[in-house]
Amino acid sequence: MPDPLRKMDDLVSALEELRLHVGPADLQVGDRKVNSQLYISLANACLRNRAALLYGGMGANKTTLVNLLGSAFTGLSFDEVENLMITGHPEQTEEKIVGFIDPRQWSCPPASSPDSSRSSPHPGSSIRPELSSSSFDEEADAIQVLWTPWARSRWKVINEINRFPSGKQNLFLELLQKRKVSYAGKTLDLGDTCYFATMNPDFSATYPLDEALLDRISISVPATQPDFLASLALAEREKEVWELAESLPYFAPEEFESLPGMVAAVSLDSQVELSIISLLRDFTLCERAPAFDKTQLSGGSKPSRGLCAGCHYFNNPEVCCWQVDEGLSDRVRQDLRSYTRAMALLLGLGGSGEMIEVLRAVAPYVIWHRVSPNRTMLERPPYYGARRLLYVKDLVEKSINRTLNERGEMNMIFAQAVDGDISPKDAMEKLSGYDDPIARLDYLKALERMV
Amino acid sequence: MKLKGFMDQAYGGKVRGKKRLDEKRGEFLLGFEDLAQRLKERPKRAEVEDLAPREADQIVDLIFSASPKDKREETIWGILTSLAAESLSEPLVIIPPRNFAGLELKGGMLILDGNALTSGPKVGASDGTGRAPASWTRAHHLGERMSGGRLIVLGGAGDYLGQEMDGGGIVCASCGDYAFRNMKGGWGVVKGDAGNYLGVGNSGGRVAVKGGAGARAGWLMRSGRIWVGKDTGDYMGLMMSGGEISTWGRAGARAGWRMKGGLITADGYGPETGAEKVGGRILRRKAD
C-alpha cells in the first residue's frame with residue numbers, strides 16, 4: 001500500500017545523504033528543528049495552485065532543490081525537469097513561455113474542413129475586418145496553438161522571476177489568478193499545479209515584483225549559502241547532481257495526487273483559526289483608513305508617510321498596525337490555513353497545542369514578502385535594516401501571544417454578545433475598557449450594528 | 001457551533017484577564033519626551049530601565065537632547081544619567097548638571113560640571129571658602145538614593161545632595177541644605193562648606209566636610225560619622241542617638257541638645273551645650 005509520507009521522509013533522508021541539500025535546521029516547529037527551505041518547498045509540493053518563492057543569492061541551491069523535488073514528485077529525470085523550467089530575462093517572450101501558433105496548420109489543411117479559405121488563411125491576414133464576431137470565434141477555434149512543455153506541466157518552475165520585466169510579470173499574475181493561460185484566443189486549463197519561483201536580491205538587471213503578484217505568491221523562504229558544516233558535507237559530493245538525482249525515491253503518480261487530499265484531512269483547531277483571523281486583523285486594521293482597512297490606503301497615505309502621527313497606537317510596540325504599511329488580504333488567511341496543515345502533515349503534528357506551534361513557525365514565511373516594515377523600527381538592532389523576516393516573525397509572535405492570552409476575556413464578551421447571552425449594549429460597555437485595536441475597531445463596530 | 005463554543009474551544013476554558021498593551025525595553029523611542037509620555041506619574045527605575053535604549057550611547061543622546069520640564073521628567077532624566085554611567089566604561093561627564101542627576105546610581109562614575117547654567121537657583125557671591133562663584137548655579141537632589149559608583153560635582157551641589165544614599169561615594173566642592181539626609185551607607189566628601197541640616201537622620205555612612213557646616217548638623221543621627229573641618233552652626237547633634245560628630249572648629253549654641261547617645265567632639269562650644277542631654281558624650285578637644 002503506498003505511503004506518501006514515508007516516501008517523503010525517505011526523500012528528505014536521501015537528499016541529505018546524497019549531499020544534494022544540506023541546509024541548516026533553521027525552522028523550529030515546537031520541539032523539532034528542520035530546514036526551512038526544504039520543508040517549505042515540500043509543503044508547497046503537497047498543495048496545489050499555491051506558489052512558493054525561494055529567495056536568495058546565487059548558488060544557494062534554490063533552483064536545483066526545486067528541480068530535484070520536481071524529479072522525485074513527477075517521476076521525470078532531473079534533466080527533463082530542468083528543461084521544463086523557464087528562466088527570466090528581459091528578452092523572454094510570451095511565445096517561449098506558454099506557446100505559439102502551430103505553423104504546420106497552414107501547410108497541412110485538415111481534410112475535414114469544407115472551406116479551404118478558412119482552414120488555410122493567408123499568414124498575416126488571420127484577423128479580417130469584414131469577418132463578424134461569430135466568424136472570428138470560428139476562425140480562432142480553427143487556430144492550433146502549440147503549448148510549451150512548461151505550460152502543460154503540473155510542476156511549474158519560474159527561475160529568476162525578478163529578471164522578467166514588469167510587463168511580462170503580468171503573465172504570471174494572470175496565470176496564478178485564473179489557473180489558465182490564453183494565447184491567440186485559445187485557452188489552456190492548467191489544472192492542479194505546483195508553482196515554484198526563485199528570486200535573487202536586487203541585483204542590476206532585475207525588476208521589482210509587482211505588489212499584486214507578490215500577494216499571489218503564497219509563501220516565501222530565504223535560501224542561504226551553506227554554512228561551515230554544510231560546506232564540509234558538500235565537499236564529500238563527488239558525482240554530478242543529475243547522477244545523484246537518479247538515486248532519489250520517486251513518487252508514483254497516485255501518491256503525488258493523493259497529497260492534497262491528505263493535507264485537506266488535517267483539521268485546524270479553534271485556537272489556530274482564531275489566531276489566524278486575529279493575526280490578519282492585527283495587520284489590516286487601521287483607525288485612520290477607510291472602513292478601518294489598511295488595504296484601502298493609497299500610495300501617499302501610509303504609516304511610513306506619517307499617517308499614524310499622533311494616533312493612539314503609534315509607537316506602541318505591542319501593536320502591529322503602524323509597524324507595516326500594508327494590510328493582509330484574504331488570500332493570506334487561505335495560505336496560512338493551507339501551509340499550517342501541510343507542515344503539520346509533513347512533521348506528523350496535530351496534537352493539542354502542536355498546531356499553534358506550526359502556525360507560529362509558518363506564518364512569518366507567508367507574510368514577510370507581502371509587507372513593508374516601518375523603516376525606523378527595522379533599522380534598529382537586532383534587525384539592522386536587513387532582517388525583515390525576523391521582524392515579521394516578532395510581530396507574528398506578539399499577535400498570537402496576545403490573542404491566546406490578553407484577548408481571552410474580550411473575545412468571550414464579544415462571543416456572548418453575538419450568541420445573545422448578554423445584550424450588545426452591556427458588551428459594548430465592557431469592551432470599551434479594552435485598549436485593543438480588534439476590540440475597538442472590529443468588535444465595538446459590529447455590536448453597534450447589532451444595536 | 002455558536003461563537004462562544006468556538007472561543008471556549010480556542011481557550012480551553014482558561015481565559016486570562018485583560019492587560020494593557022505592554023511596552024518593552026529597547027523598542028522604538030522618538031526622544032526623551034516620548035519616553036516620558038510612556039511612563040506613569042511616579043516612574044520607578046525599573047520602569048525607566050525597561051523602556052530605555054540598550055546602548056549606552058543612545059542613552060547619552062537622550063540625556064543631552066532632553067529638556068525636563070517638571071519634577072517627574074527630572075527624575076526620569078536622573079535615572080537615565082545613572083543608567084548611562086553604569087553602562088559606560090569611562091566616566092560620564094554631564095554639562096550642565098540638572099536636578100536628580102545620578103538618581104539611584106548603582107555603579108560607574110558620573111562627573112557633573114557645575115560651571116554651566118543649570119535648572120537650580122543661583123547662589124550668592126563666592127565668599128572664598130570654597131563656595132561656588134556667582135555665575136554658578138546649583139542642581140538639587142544629586143546622587144539621591146545612590147547605592148554604588150562615584151559622583152563628582154565639580155561645582156557646588158544644591159540641596160539634598162546624596163539624600164538616602166546607601167553606598168558609593170560623592171565628592172563635591174560645596175553643598176546646600178539637607179546634604180546626606182537619611183544616609184544609610186557610602187561616603188561623601190565636601191571640599192568647601194556644607195549648608196544647614198547636614199546628615200539629618202543618618203543611620204550609617206561617613207561624611208567629611210573640609211569647610212564649615214550650617215545649623216543642626218547630625219540632627220536625629222542614629223549611626224555613622226560626620227567630620228567637619230571648621231566651625232558648625234547651632235544645634236549640632238540635636239536629639240542624636242548614635243554615631244559620631246567631630247568638628248575641628250567651634251560648635252554653635254546648644255550642641256548636643258536632648259541627645260540620647262553617640263559622641264560629639266569639638267574645639268569649643270557655644271552656650272547651653274548638652275542642655276537636656278539624656279545620654280551620649282560631648283568632648284572638648286585639647287588645645288595643642
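The values are calculated or read from the model by the stated rules, or taken from the named source; none is laboratory data. These numbers come from a predicted model, not from an experiment. Cβ sites come from the backbone with ideal geometry, for glycine too, and all protein chains shown count toward neighbours. Side chains are part of the model used for accessible areas, which takes the heavy atoms of the whole protein and leaves out ligands, DNA and RNA. Shrake-Rupley method; radii C 1.70, N 1.55, O 1.52, S 1.80 Å.
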Checklist entry - For B:Gly158, are the conditions met, namely being within 19 Å of B:Leu103 (Cα to Cα), touching a His at 6+ places or on another chain (Cβ under 6 Å), in contact (Cβ under 8 Å) with a residue 24 or more places away in the chain and buried (at least 24 other Cβ atoms within 10 Å of the Cβ)? => result yes
Checklist outcome for this item: Over the range A:298-322, the set of residues part of a loop (DSSP other than H, G, I, E, B) and polar (S, T, N, Q) is A:Ser298, A:Ser301, A:Asn315, A:Asn316
Checklist entry - Could you say whether any residue in the range B:73-85 is at pLDDT 90 or above and open to solvent by 20 Å² or more (accessible area, probe 1.4 Å)? => result yes
Next on the checklist: Checking A:Arg216 against (1) surrounded by fewer than 18 Cβ atoms within 10 Å (Cβ to Cβ); (2) more than 14 Å from chain B (Cβ to nearest Cβ); (3) out of contact with any Gly (no Cβ under 9 Å at 6 or more places or on another chain), only one condition comes out false. Which one?
Outcome noted: (1)
Checklist entry - Hey, any hits in the range A:44-55 for a residue that's more than 18 Å from A:Thr224 (Cβ to Cβ), of a type in the set (Gly, Ala, Ser) and in contact with a Lys or Arg (Cβ under 9 Å, 6 or more places away or on another chain)? => result yes
Next on the checklist: Quick check on A:Glu91: is it over 21 Å from A:Ser218 (Cβ atoms) and exposed (fewer than 14 other Cβ atoms within 10 Å of the Cβ)?
Outcome noted: yes
Checklist entry - Can you spot a residue in the range B:11-29 that is part of a helix (DSSP H, G or I), touching a Phe, Trp or Tyr at 6+ places or on another chain (Cβ under 9 Å), at pLDDT below 85 and within 9 Å of another protein chain (Cβ to nearest Cβ)? => result no
Checklist entry - Does the range A:263-287 hold any residues that are in a loop (DSSP other than H, G, I, E, B), of a type outside the set (D, E, K, R) and within 14 Å of another protein chain (Cβ to nearest Cβ), and which are they? => result A:Ser267, A:Leu268
Checklist entry - Out of all the residues in the range A:219-236, which are part of a helix (DSSP H, G or I), open to solvent by less than 70 Å² (accessible area, probe 1.4 Å) and either hydrophobic (A, V, I, L, M, F, W, C) or in the same structural domain as A:Trp368 (by TED's automatic domain parsing) (or both)? => result A:Ala230, A:Ala233, A:Leu234
Item to check | the range A:169-181, residues that are among the polar types (S, T, N, Q) and under 14 Å from A:Thr93 (Cα atoms) | outcome: A:Gln169, A:Asn170
Next on the checklist: Can you tell me how many residues within the range B:57-105 are part of a loop (DSSP other than H, G, I, E, B) and of a type in the set (Asp, Glu)?
Outcome noted: 3
Checklist entry - What is the one condition in (1) over 17 Å from A:Phe172 (Cβ atoms); (2) at pLDDT 80 or above that A:Glu94 does not satisfy? => result (1)
Checklist entry - Out of all the residues in the range B:243-284, which are free of Cβ contacts under 8 Å to residues at least 24 places away in the same chain and of a type in the set (A, V, I, L, M)? => result B:Ala251, B:Ala253, B:Met259, B:Leu263, B:Ala275, B:Val278, B:Leu283
Checklist entry - Of the conditions (1) in contact with a Gly (Cβ under 7 Å, 6 or more places away or on another chain); (2) not in a loop (DSSP other than H, G, I, E, B), B:Arg54 fails just one. Which one is it? => result (2)
Checklist entry - Quick one: is B:Ala36 more than 30 Å from A:Gly353 (Cα to Cα), in contact with a Ser or Thr (Cβ under 7 Å, 6 or more places away or on another chain), within 14 Å of chain A (Cβ to nearest Cβ) and at pLDDT below 90? => result no
Checklist outcome for this item: Over the range B:243-258, the set of residues buried (at least 22 other Cβ atoms within 10 Å of the Cβ) and among the hydrophobic types (A, V, I, L, M, F, W, C) is B:Ile245, B:Ala251, B:Ala255
Checklist entry - Just one of A:Pro260, A:Pro249 is touching a residue at least 12 places away in the same chain (Cβ under 8 Å), part of a loop (DSSP other than H, G, I, E, B) and of a type outside the set (Val, Ile, Thr); which is it? => result A:Pro249
Checklist entry - Quick one: in the range A:162-181, which of the residues that are in a helix (DSSP H, G or I) and among the hydrophobic types (A, V, I, L, M, F, W, C) is surrounded by the most Cβ atoms within 10 Å (Cβ to Cβ)? => result A:Phe172
Next on the checklist: Just to be sure before I move on: is A:Ala363 crowded, with 21+ Cβ neighbours inside 10 Å, within 19 Å of A:Leu404 (Cα to Cα) and touching a helix residue (DSSP H, G or I) at 6+ places or on another chain (Cβ under 7 Å) in the structure I sent?
Outcome noted: yes
Item to check | Leading residue by the ranking (farthest from A:Lys445 (Cα to Cα)) among those in the range A:290-338 that are surrounded by 19 or more Cβ atoms within 10 Å (Cβ to Cβ) and polar (S, T, N, Q) | outcome: A:Ser338
Checklist entry - Which helices (runs of 4 or more DSSP H) sit wholly inside the range A:332-451 and have at least 3 residues that are more than 12 Å from chain B (Cβ to nearest Cβ)? => result A:354-367, A:388-404, A:424-431, A:444-450
Next on the checklist: Going by what's in this entry, would A:Glu82 be described as under 24 Å from the mean Cα position of the chain (by Cα), closer than 20 Å to A:Val181 by Cα and either open to solvent by 50 Å² or more (accessible area, probe 1.4 Å) or modelled with pLDDT under 85 (or both)?
Outcome noted: no
